[in-house]
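**Q** Attaching a single structure in structure tokens format; questions to follow.
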Amino acid sequence: MENNYRLEIKNISKTFGEVQSLRNVSFQLGQNEVVGLLGDNGAGKSTLIKIITGYHQPDEGEIYFNGQKVEKLSVPKARQLGVETVYQERALAELQALWRNIFLGRELQNRFGLLDVKRMKEETHNLMVKSMGFTSTAVDPDSKIGTFSGGEKQGVAIVRALYFDAEIIILDEPTMGLSLQETRKLINFVKSIKQAGKAAIFIDHNIFHVYSVADRVVVLDRGRVAGEFRTSDITLNDLMDKMYKIAETGHFD
């Protein structure tokens, strides 16, 4: 059964001091699926993501990648398993060129062990045209990231993750601070993750953004899974009603 999932979490619990951040949380992510993770501040979203990325160890529970149980997941091990996070801060070097940002920390080398700048610029150009949708001649691999808009920076981070064979891309509040137009561009980048045959976890406060791109929505409330819905089975209005009920009562029915 686990083999159907790229990621499966079973009965995860995590306590910090006297605060129980997660209680028996189970979560699945399909091989080619976008799952929206919703919930108010303090619901446990950040803790769950930090466990998936190996930053925190759970007190209880099990983690499976492609049906294989993983013990003591660490940050390097999670990355090795194909987990990449695109943070709202975007973690890009603003003063550096686009090509340098794409290959930051993973620079390509030639057979002499020297940086292969020519190849990195060529690869960046291909990514710009095919994956990022840059058509303007004003933007090239040498363009400084600081001149890009918010949505474009998020796109660069997503494309970089896909280029380095990320299997699971975690989007942490990616629409924060973006204009309407930039958000639409970002949503298209999220769709490109599915088109590439990969999976994503989309964390956002804005239910509209998540609903428009997610196959499934998981709602956390006070450290528990309060609801799980397929977007094809529920209207946006009904989902919003259930979210209000969860916020008020801790459950949706």
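No value in this document is a laboratory result; all are computed from the given coordinates. Note that the structure is a prediction, hence the values are computed from the model and not measured. Glycine gets a Cβ as well: all are built from the backbone with ideal geometry, and neighbour counts include every protein chain shown.
**Q** So for the pair Lys191, Lys130, with labels modelled 7 Å out along Cα→Cβ, what separation do we get in nm?
**A** Distance between label points: 2.0 nm.
**Q** Ser179: net charge of surrounding residues, Cβ under 15 Å, Lys/Arg +1, Asp/Glu -1, itself excluded?
**A** Once all neighbours under 15 Å are counted, the net charge is +1.
**Q** Also, quick follow-up: Which whole-number percent is the relative contact order of segment 103-242 (Cα, under 8 Å, 6+ apart)?
**A** Across segment 103-242, relative contact order equals 15 percent.
**Q** Using 7 Å Cα-to-Cβ label points, what is the Gln80/Ser232 separation (nm, one decimal)?
**A** In this crude label model, Gln80 to Ser232 measures out at 3.7 nm.
**Q** Check the straight Cα-Cα distances from Lys77 and name the lysines below 27 Å, setting aside those fewer than 8 residues away within the same chain.
**A** Lys10, Lys14, Lys45, Lys50, Lys69, Lys153, Lys191, Lys194, Lys198
**Q** Could you calculate the FRET efficiency of Thr15 with Ser149 from 1/(1 + (r/R0)^6), where r is the beta carbon distance between them and R0 is 30 Å, rounded to 0.05?
**A** Calculated transfer efficiency: 0.15.
**Q** Let me ask you something else. Post the alpha-carbon centroid distance, segment 35-111 to segment 118-156, in whole angstrom.
**A** 23 Å
**Q** Defining a contact as two alpha carbons under 8 Å apart and six or more residues distant in sequence, what relative contact order in percent does the chain show?
**A** Relative contact order, the chain: 25 percent.
**Q** Still on this structure: Once the Cα atoms of helix 150-163 and of the chain are each reduced to a long axis, what angle between those two axes, in degrees from 0 to 90 to the nearest 10, is obtained?
**A** The helix 150-163 is inclined about 90 degrees to the chain.
**Q** Helix 180-195 versus the longest principal axis of the chain: what is the Cα-based angle in degrees, 0 to 90, to the nearest 10?
**A** 90 degrees
**Q** Segment 33-91: which GluC sites (Glu not before Pro) are DSSP loop and have at most 15 other beta-carbon atoms within 10 angstrom?
**A** Counting only loop positions with at most 15 other Cβ atoms within 10 Å, the GluC sites (Glu not before Pro) in segment 33-91 are Glu71, Glu89.
**Q** Quick one, can you get me the convex hull of the C-alpha atoms of the chain expressed as volume per residue in Å³?
**A** Value for the chain: 146 Å³ per residue.
**Q** Give me a comma-separated list of calculated 3J(HN,Hα) values for segment 38-47, in order, Karplus coefficients 6.51, -1.76, 1.60 applied at θ = phi - 60°, integers in Hz, x for any Gly or Pro.
**A** Whole-Hz 3J(HN,Hα) from phi for segment 38-47: 10, x, 5, 4, x, 6, x, 4, 5, 5.
**Q** Something else now. For segment 85-161, run through the trypsin sites (Lys or Arg not before Pro) and keep only the ones in DSSP coil with at most 10 other Cβ atoms within 10 Å of their Cβ.
**A** Filter output for segment 85-161: Arg106, Arg111.
**Q** Identify which of Asn110, Asn206, Asn11 has the largest mean-square fluctuation in a Gaussian network model of the chain, with springs joining Cα atoms closer than 10 Å.
**A** Among Asn110, Asn206, Asn11, the largest GNM mean-square fluctuation belongs to Asn110.
**Q** With springs only between Cα atoms under 10 Å apart, run a GNM on the chain and tell me which of Asp140, Asp233, Asp221 wobbles the most.
**A** Looking only at Asp140, Asp233, Asp221, the largest GNM fluctuation is found for Asp233.
**Q** Still on this structure, please answer the following. Nearest 20 debye, what's the magnitude of the dipole of segment 96-218 about its Cα centre given +1 on Lys and Arg Cβ and -1 on Asp and Glu Cβ?
**A** Charge dipole of segment 96-218: 240 debye, to the nearest 20.
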